[in-house]
Structures are given as C-alpha cells and as structure tokens.
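One structure is given below, encoded as structure tokens.
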Amino acid sequence: MPIDPTLPYDDSNIFAKILRREIPCNAVYEDEHALAFHDIAPQAPVHILVIPKKAYVSWDDFSANGSAEEIAGFVRAVGHVAREQGLVVRGYRLLANVGRNGGQEVPHLHVHLFGGGPLGPMLTR
Ligand code: AMP
C-alpha cells in the first residue's frame, strides 16, 4: 500500500528496523551516512537499496530537510555502491519512488539501484 509522504516519520517502518539491527539485511555497504543492501524481491539481476542512516520519509523530505553534509554523503554513497558493484561500465538505473503516485511502500527514503543487464524501458504503462 503506497504511503502518504506528508505524514511524520514512523520509526516502526521496516528500514528503521533494519537500521536498528532488529531485523537482518543482506548488506553490501555502510558508512556514516548510508546503508546499502540487496532488495528482498529483486527486479533486476542487481537490485540494491541505498538508505540514509537518519530518519527521512522520502526524497522530498530529504531534499528539503537534509543537511548539505547528509545529502552529499548519501549521494556519494550511492555512487560508491554502483562503482563497487561494477555497474558503471555497462550502466545502471537509479529510482526513488515518492508517495502514492510514485508507489512508495516503505516510508524511509530509499534509492533503488538496478543493474547487471539491460533494464528495458524506463516505465511500463
Ligand atoms: P518502494 O515501493 O519504492 O517503497 O520499494 C520498497 C522496496 O523494499 C521493494 O522493492 C521491496 O522488495 C523492498 N523491501 C521490503 N522489505 C525489505 C527487506 N526486509 N529487505 C530488503 N528489501 C525489502
């Protein structure tokens, strides 16, 4: 069920639980700003989620309220993961769903990182 991104942060969401180590994840990278882990239901040969360590509901919340250091750290972490996973030469795709029209289901900002093969059209309607 897509979320309402105007609601306050709900720290019972599944990614908050992953950050608190209450539930496991298949992590590929972590630093002070970000945690990256494999999506539990991959939609491409490589499907990794990158999330900020701090509590932001969505890209909208983060871009409006994140500090310059947090935003720079997070963006650098996404790029680092793509390079570390060997995705740069053949290319990859980033996606951040926001709110109902975007189909965002987990109310903690996450960037999907897709790669490992041709990804097809950007949207299927
Ligand atoms: P979105 O629709 O953009 O909110 O995407 C949420 C993503 O989180 C989906 O691709 C799910 O497969 C993924 N997901 C949900 N729970 C977990 C989990 N425990 N570990 C890893 N990925 C998850």
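Residue exposure proxy: Thr124, Thr6, ordered by other Cβ atoms within 10 angstrom of their Cβ from fewest to most, comes out as Thr124, Thr6. Neighbour counting of Cβ atoms within 10 Å sorts the residues Leu113, Leu119, fewest neighbours leading, into Leu119, Leu113.
Centre-to-centre separation between the Cα atoms of the stretch 76-106 and those of the stretch 2-69: 12 Å.
Could you tell me which of Leu123, Leu95, Thr6 has its Cα farthest along the dipole of the chain towards the positive end, charges placed at Cβ (Lys, Arg +1; Asp, Glu -1), taken about the Cα centre? Highest projection toward the positive end goes to Leu123. The radius of gyration of the Cα set in the stretch 14-115, together with its Dmax, comes out at 12.8, 36 angstrom. A straight chain from Gln43 to Asp31 at 0.36 nm per residue would run longer than the Cα-Cα distance by 1.8 nm. Ellipticity at 222 nm from helices only: DSSP H runs of n ≥ 4 in the chain, each -39500 (n - 2.57), divided by the residue count, give -7500 deg cm²/dmol.
The value of relative contact order for the stretch 14-115, using C-alpha pairs under 8 Å at least six residues apart, is 32 percent. Charging the Cβ of each Asp and Glu at -1 and of each Lys and Arg at +1, and nothing else, the dipole of the stretch 14-115 about its Cα centre rounds to 200 debye.
Only the coordinates and a few stated rules stand behind these numbers; no lab work does. Bear in mind that the values here come from a model prediction, so they are computed numbers and not experimental data. Reconstructed Cβ throughout: ideal geometry from the backbone, glycine too, with neighbour counts over all protein chains shown.
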